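Working notes, structure below.
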């Protein structure tokens, strides 16, 4: 399996972690009875950390389809090379760093890290467009 596909696989692992983190915290906030039930009544608003992790997850899911498609196109088209390698690496490293920055509420640096992940996607796209 290529390096880029391996990074994509690990990005999917990151996505699952980002699904589970806020879910576990939210379960502690609302209780297992609420989560196992029909959730007919509105839940209390999430606490600060839970909300941040939920937003970080949502943010990942905004860019993950583009990243995944770019990696798959590069692979199928035989365009993997230095740019796709470094782009994939930049994307996943930035996305991993992004989670604790968002959870801690760090402004500006978090946005720069997001821009780095976007630059990673652009690097992957360059050889295929």
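Note on region 100-111: among residues that are surrounded by 15 or more Cβ atoms within 10 Å (Cβ to Cβ) and touching a residue at least 40 places away in the same chain (Cβ under 8 Å), the one that is farthest from residue 59 (Cα to Cα) is 103. Scan region 74-93 for residues that are over 17 Å from residue 126 (Cβ atoms) and either modelled with pLDDT under 95 or buried (at least 16 other Cβ atoms within 10 Å of the Cβ) (or both) and the total you get is 1.
Quick grid of which residues meet (1) more than 30 Å from residue 124 (Cα to Cα); (2) part of a loop (DSSP other than H, G, I, E, B):
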| residue | (1), (2) |
| --- | --- |
| 4 | no, no |
| 7 | no, no |
| 10 | no, no |
| 14 | no, no |
| 25 | yes, no |
| 34 | yes, no |
| 45 | yes, yes |
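For region 29-49, the set of residues classified as surrounded by 11 or more Cβ atoms within 10 Å (Cβ to Cβ) and without any contact (Cβ under 8 Å) to a residue 12 or more places away in the chain consists of 31, 34, 35, 37, listed by residue number.
Checking the condition surrounded by 20 or more Cβ atoms within 10 Å (Cβ to Cβ) and either part of a helix (DSSP H, G or I) or in contact (Cβ under 8 Å) with a residue 60 or more places away in the chain (or both), which residue from 71, 97 passes? Exactly one of 71, 97 is surrounded by 20 or more Cβ atoms within 10 Å (Cβ to Cβ) and either part of a helix (DSSP H, G or I) or in contact (Cβ under 8 Å) with a residue 60 or more places away in the chain (or both), namely 71.
The values are calculated or read from the model by the stated rules, or taken from the named source; none is laboratory data. Quick caveat, the model's predicted, so the values are computed rather than measured. Positions of Cβ are generated from backbone atoms using ideal geometry, with glycine treated the same way; all protein chains shown enter the neighbour counts.
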